[in-house]
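The values are calculated or read from the model by the stated rules, or taken from the named source; none is laboratory data. Please read these numbers as outputs of a predicted model, since none were measured by experiment. Cβ: placed from backbone, ideal geometry, glycine included. Neighbour counts: every protein chain shown.
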Amino acid sequence: MKATYLRPMQPRLITIPISHYCEKARWALEHAGIAYLDERHLQIFHYLATYRAARTDSVPVLVTPSKVLTESRDILHWADEQSPADKKLYPADKGLRGETERLERSLDEGFGVAGRLWMYTFLLDDIPLILRYSKKHAVPWLELKALPLAFPFVKRHIHEILGLTATSREDSRALVARTFDEVAERLRDGRPYLTGDRFTAADLTFAALSASVLLPEKYGVELPKLDELPREMRDQVVEWRAHPAGRHALRMYERHR
Ligand SMILES: N[C@@H](CCC(=O)N[C@@H](CS)C(=O)NCC(=O)O)C(=O)O
């Protein structure tokens, strides 16, 4: 009898490639050695896919054979259940696990939102830059074609979602700076990772969400280079890259991405 081989269905990750929450999910899946399909969309164009899959408007969404996950931290937990002991992102020790989860949640809810807002206060108006990089991110051809026409609408929509105001840049910069100082304080005793001597979901989350203020080279998709950024943004990125917390995030990219 001829043998038939059924390939188990690969999980499907719906992403906006540039999104740092999507980067967090991609990184965790790759860290766990899980093969997945990366279904990429541009902002707004992603709604059709996320509504179909999960009745949600935000990415990442992970569609697995048994469930659909709509929060990056749920995706990290799902990936972790399948990863080998030496790759676990959540420590077995109850206290350390709690600390890791608390850090992750607080970074997700404050720092990640602020860093993204800060970046958009500089780049949302730079249509040529956005178009140039969207072309490098393997999004559907039709979305790329439609982007120049849809751009005013996309821009207005992002503006509304982010709640951009006259003080957004300074407010978000201050929150990022405060988080960087807190992270540096945590690392001051010489520990190599945020919760001790092991790479955890806290380090991965901090590094991935730092991407909008550090633009690391090893990010999952290509990001703008320093010399393409407006001067004020460039100077701040350079300063943050040299901060002990910035150095920690970049080290996580070097060692674990
Ligand atoms: N708490 C969510 C946040 C996800 C999130 O903010 N996603 C943004 C992309 S960076 C998004 O989908 N924005 C598009 C929208 O809401 O329309 C997570 O960690 O997964």
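Laid out as a table, the results:
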quantity	calculated
Region 17-73, residues that are near the ligand (Cβ under 8 Å from one of its atoms), under 23 Å from P224 (Cβ atoms) and part of a helix (DSSP H, G or I)	H20, Y21, C22, K24, A25, S72
Test result for L124, in contact (Cβ under 8 Å) with a residue 60 or more places away in the chain and within 16 Å of the ligand (Cβ to nearest atom)	no
Residue within region 118-134 that is at pLDDT 90 or above, surrounded by 18 or more Cβ atoms within 10 Å (Cβ to Cβ), in the same structural domain as L215 (by TED's automatic domain parsing) and farther than 20 Å from V221 by Cα present	yes
Residues that are part of a loop (DSSP other than H, G, I, E, B) and within 15 Å of the ligand (Cβ to nearest atom), drawn from region 74-89	L89
Members of region 107-119 that are near the ligand (Cβ under 10 Å from one of its atoms) and without any contact (Cβ under 8 Å) to a residue 60 or more places away in the chain	E109, V113
Filtered residue count, region 90-133, keeping only those that are farther than 22 Å from P17 by Cβ, of a type in the set (A, V, I, L, M, F, W, C) and not in a helix (DSSP H, G or I)	1
Lone qualifier among L117, L123 - being among the aliphatic types (A, V, I, L, M) and in contact with a Lys or Arg (Cβ under 9 Å, 6 or more places away or on another chain)	L117
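Condition check ((1) over 12 Å from V183 (Cβ atoms); (2) surrounded by fewer than 16 Cβ atoms within 10 Å (Cβ to Cβ)) across all residues:
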| residue | (1), (2) |
| --- | --- |
| L215 | yes, no |
| P230 | yes, yes |
| H248 | no, no |
| Y253 | yes, no |
